Amino acid sequence: MTASVTPRRTVLAAGLAILFGSAVAGCGTSGPKPGGAGGSTDGASAWILSGVTEQTFHNTFNSWNDAHPDQKFDVQAFANDPYKQKIRTAVGAGQAPTLIYGWGGGVLESYVRAKAVEDLSDLAADAEVKGRFLSSVANGGKVGGKTYALPNNGIKPVMIYYNKELFAQIGAEPPKTWDELMSQVDDFKQAKIAPFTVSGQAKWPLLPWLSYLMDRIGGPGVLEDILAGKAKAWSDPAVTQANTKIQELVDAGGFVSDFASITTDSGADVALLYTGKAAMTLALPSAYQTIQQSDPKFVSDGKLGYFPFPTVSGGKGDPDDVVGNPSNYWSISASASDDEKKTARAYLKDALLKGSYIDDLLKDGNVPPVADLGPRIAKSSDPDYFDAVYSMTAKAPNFALSLDQALGPKAGDAVLTNLQQIFLKEITPEKFADNMNATLSG
Amino acid sequence: MSVLHPRTPAAPSRSTLDRRHGASGLLVLPALLMFLVFAVLPLAGAAVLSFTRWDGLSGIGWAGLHNWSAVMQDPVTGNALLLTFKIIVVSWLVQTPISLLLGVFTAGTQRYRAVLAALYFIPLLLSSAAVAIAFKAILDPHFGIGGAPGLGFLAQNWLGDPSLVLYVVIFVIAWQFVPFHTLLYQAAVRQVPTSLYEAATIDGAGRFQQFAYVTLPQLRGTIITSSTLMVTGSLTYFDVVFVLTGGGPGNSTRLLPLDMYLTGFAANDMGAASVLAVILVVIGLALALALTRFTGFSRMRSDQEGL
């Protein structure tokens with residue numbers, strides 16, 4: 001027994017050393033690397049999203065890298081939801097890529113507050129850059145009057161997409177007012193057609209209903225008060241009326257049956273539109289892209305129609321106001337090295353949304369937020385649709401960012417849950433106001 | 001502490017105890033170290049974080065008891081606790097009888113039972129995310145299973161009805177985990193000495209009596225193990241629920257672990273999420289200890305005395 005003790009201890013100690021050594025080494029190699037995956041720690045880096053526009057982003061960075069061998073970007077693609085979490089951790093740890101992909105709104109504001117992103121006001125005022133973007137979209141990159149982000153993707157205004165065949169079947173025209181819309185609900189129901197499809201299972205597709213009604217009834221000031229954190233801002237009569245109208249629409253059978261079980265990640269909500277089971281949907285341009293992918297003939301045969309959100313009688317809002325996601329944006333990480341920052345600034349100034357980048361986006365079904373797009377739209381695959389999206393955004397006096405993005409993360413999470421409860425009639429509009437007011441102080 | 005140092009009436013003398021502890025104490029070192037680094041340290045970290053204000057981005061600030069009082073006053077927390085207890089109880093009530101009976105059934109030696117057992121086992125091989133995504137598609141009221149001819153009655157508001165959705169979640173979880181517990185019971189039943197059944201047969205016991213008076217008592221330890229796994233497992237149900245419902249509709253499936261995740265990573269309130277994490281640990285610990293204590297499992301009583 002005694003003889004074997006020493007070797008056993010040695011073995012144990014060696015084992016522990018290996019264990020510890022590898023654990024420490026493991027810490028060293030884990031976590032996001034500032035220089036990106038390629039191992040090039042001196043170059044700038046950018047994280048992009050996989051999916052529809054992934055190739056467009058690869059194209060612009062590839063051609064930039066070819067033309068600037070001394071100012072290369074290392075590009076990595078992530079899926080949407082994992083990206084959103086990874087980027088926040090990376091920014092918090094000072095390990096963000098040089099170019100930070102974002103949505104503007106509350107998240108950008110939190111980056112600015114944490115001094116994690118560069119002030120790009122000088123770049124935005126540069127003659128080369130100024131005037132390149134639509135102003136309503138460029139404003140989405142501003143916080144407190146300064147520019148911290150520049151648009152890099154298509155514009156995403158929400159409008160109502162409809163099935164022209166079903167409208168013809170009951171002899172309906174796109175409704176211009178809320179009252180017309182409500183009366184058409186009965187017509188569609190009598191024809192055994194669901195008026196609206198919506199994914200009630202994912203919560204975010206419900207947001208534009210509240211945003212649009214709030215804006216049409218009370219104007220953009222309602223949201224501005226909320227974002228400014230004014231006490232009891234959610235108790236504004238426009239919010240309560242908007243929620244009341246939503247519940248009236250639910251009561252009238254405005255939404256397809258069992259809509260709360262319908263998912264959107266599989267495209268089941270949009271499928272109801274092009275398979276002729278539901279007449280309309282209030283949606284982002286991603287609905288268009290989904291239809292184009294799943295049933296291209298539906299688009300090419302001219303069965304897909306679209307129109308702006310109707311007005312509400314007596315409402316204060318401008319009927320041209322738009323709700324949605326103005327665009328995605330690039331910010332420059334404050335923790336990047338000076339060289340990396342220089343590279344990023346040069347790219348934003350010389351290559352962002354220029355040349356074939358614009359045509360690539362149009363091919364994806366995205367409308368880039370650049371000025372004077374008319375001639376290029378005319379040469380695209382679906383000029384009417386692209387023009388509708390473009391002119392809607394270009395002439396919008398106000399483009400409100402989706403509520404979950406515009407609000408801070410905490411209130412954004414709360415508004416999703418409470419709005420879903422409004423649609424399910426689990427809470428009253430008054431209770432909604434109370435619950436949301438509680439997030440203003442926190 | 002009695003759990004860690006069971007003292008039986010026939011305890012060995014002090015010297016043998018010491019010698020045993022000396023050797024085994026050394027062997028337990030690596031595990032103890034792992035436990036300290038990967039369990040105790042993070043746990044302490046979470047406890048400290050629960051008294052701070054942190055959005056995961058800017059600096060960490062001291063918040064005192066603010067998070068604790070905010071979480072305790074939040075009706076969502078109470079709802080999450082209630083849902084978590086509900087899912088523990090109902091899951092146990094649903095899964096235990098099914099897996100017990102299936103386990104007893106598949107413990108037979110006929111070949112068709114081996115084939116069936118392999119089939120039953122399949123759900124366990126699928127990842128939780130895959131299971132949830134598949135069920136999400138199947139349960140779609142318009143394009144799901146209800147669209148199949150003759151199955152129209154299955155086109156229900158499965159995931160959208162707040163009073164129904166929790167039971168749908170419990171069903172999906174049971175579908176996924178019953179095979180595992182079946183496997184436990186199957187193995188346990190095969191361990192029961194045949195002599196017991198022979199004796200019972202001689203005493204004139206029928207199939208039901210054999211099950212009630214031989215099989216069930218012999219499965220005591222397995223029932224406790226399986227129940228402990230089920231109960232503590234219920235506390236961590238996250239992946240399936242997250243993918244299947246995201247906690248909705250409203251808050252109707254926002255279980256405690258999901259609430260913790262959403263508070264931490266959707267609302268970016270790490271302080272409040274840490275409070276929920278600590279609550280979760282305390283409940284888990286209490287349940288596991290209570291289960292082992294009240295079932296007498298800690299006494300390690302033999303079920304086969306005299307054999």
Rg to Rh quotient for the protein assembly as shown, alpha carbon positions, Kirkwood Rh: 1.03
Cα-based convex hull volume of chain A per residue, rounded to whole Å³: 194
Cα gyration tensor shape for region B:193-279, rounded if a/c is under 1.5, else prolate or oblate: prolate
Cut-off under 5 Å, modelled amide H: who pairs with residue A:77 long-range: A:48
Inter-chain Cβ neighbour average for residues A:254-267, partner chain, 10 Å: 6
Residue B:153 accessible area, 1.4 Å probe, all protein chains in place, Å² to nearest 10: 130
R0 of 25 Å, Cβ-Cβ distance residue B:119-residue A:86: FRET efficiency to nearest 0.05: 0.05
Rounded, prolate or oblate (a/c below 1.5 giving rounded, otherwise prolate when a/b exceeds b/c) for chain B by Cα gyration tensor: oblate
Average beta-carbon neighbours from other chains, 10 Å sphere, peptide B:257-267: 3
The protein assembly as shown - share of DSSP beta bridges that are antiparallel (%, nearest 5): 60
Tensor-based shape of region A:278-336 (alpha-carbon gyration tensor, a/c under 1.5 rounded, otherwise prolate or oblate): oblate
Rounded accessible area of residue A:266 (nearest 10 Å², 1.4 Å probe): 90
Exposure of residue A:68 as accessible area (Å², to 10), given a probe of 1.4 Å and all protein chains: 50
Residue A:332 long-range amide H proximity, modeled H, under 5 Å: A:100, A:118
Potential lengthening between residue B:290 and residue B:58 on full extension [0.36 nm per residue; Cα-Cα distance subtracted]: 79.4 nm
Residue pairs, from the table A:86/A:410; A:84/A:341; A:84/A:232; A:245/A:431; A:230/A:410; A:84/A:316, whose Cα atoms sit over 25 Å apart: A:84/A:232; A:84/A:316
Calculated FRET efficiency for the pair residue A:170/residue B:43, C-beta based, R₀ 56 Å, to 0.05: 0.35
For region B:100-135 versus region B:141-174, the gap between their alpha-carbon centres in whole angstrom: 22
Computed [θ] at 222 nm, helices only, for chain A once each DSSP H run of length n ≥ 4 contributes -39500 (n - 2.57): -14500 deg cm²/dmol
Contact order relative to length of chain B, as percent, for alpha carbon pairs under 8 angstrom and 6 or more apart: 27
Sequence of B:138, A:170, A:48 from largest to smallest accessible area, 1.4 Å probe: B:138, A:170, A:48
Dipole in debye (nearest 20) - the protein assembly as shown, about Cα centre, beta carbon charges: Lys, Arg +1; Asp, Glu -1: 2840
Nonlocal amide H pairs with residue A:219, under 5 Å, H built at 1.01 Å: A:316, A:317
Average Cα contact separation per residue, region A:211-285, under 8 Å, 6 or more apart, as relative contact order %: 19
Centroid-to-centroid separation of region A:287-325 and region A:376-429 [C-alpha atoms, Å]: 11
Distance in nm between pseudo-label sites at residue B:164 and residue A:189 (7 Å out along the Cβ direction from Cα): 2.0
Region B:55-93 residues near the modelled residue B:282 label - backbone nitrogen below 19 Å, point 7 Å along Cα→Cβ: B:63-86
Rough spin-label spacing in nm, given labels placed 7 Å along Cα→Cβ, for residue B:175 and residue A:351: 4.7
Most positive-pole-ward Cα, B:45, A:111, A:298, against dipole of the protein assembly as shown from beta carbon charges: B:45
Shielding by other protein chains, B:247-254, mean Cβ within 10 Å: 6
Percent RCO, i.e. relative contact order, over chain A, from Cα pairs under 8 Å lying at least 6 residues apart: 25
Cβ-Cβ FRET estimate between residue A:300 and residue B:134, R0 fixed at 25 Å, reported to 0.05: 0.15
Antiparallel content of DSSP bridges confined to chain A, in %, to 5: 60
Computed [θ] at 222 nm, deg cm²/dmol, chain B (DSSP H ≥ 4; -39,500 (n - 2.57); rounded to nearest 500): -19500 deg cm²/dmol
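The values are calculated or read from the model by the stated rules, or taken from the named source; none is laboratory data. Just so it is clear, the model here is predicted, and its values are computed rather than measured. Cβ atoms come from the backbone with ideal geometry, glycine included; neighbour counts cover every protein chain shown. What goes into the accessible areas is simple: the full protein's heavy atoms, side chains included, and nothing from ligands, DNA or RNA. Shrake-Rupley method; radii C 1.70, N 1.55, O 1.52, S 1.80 Å.
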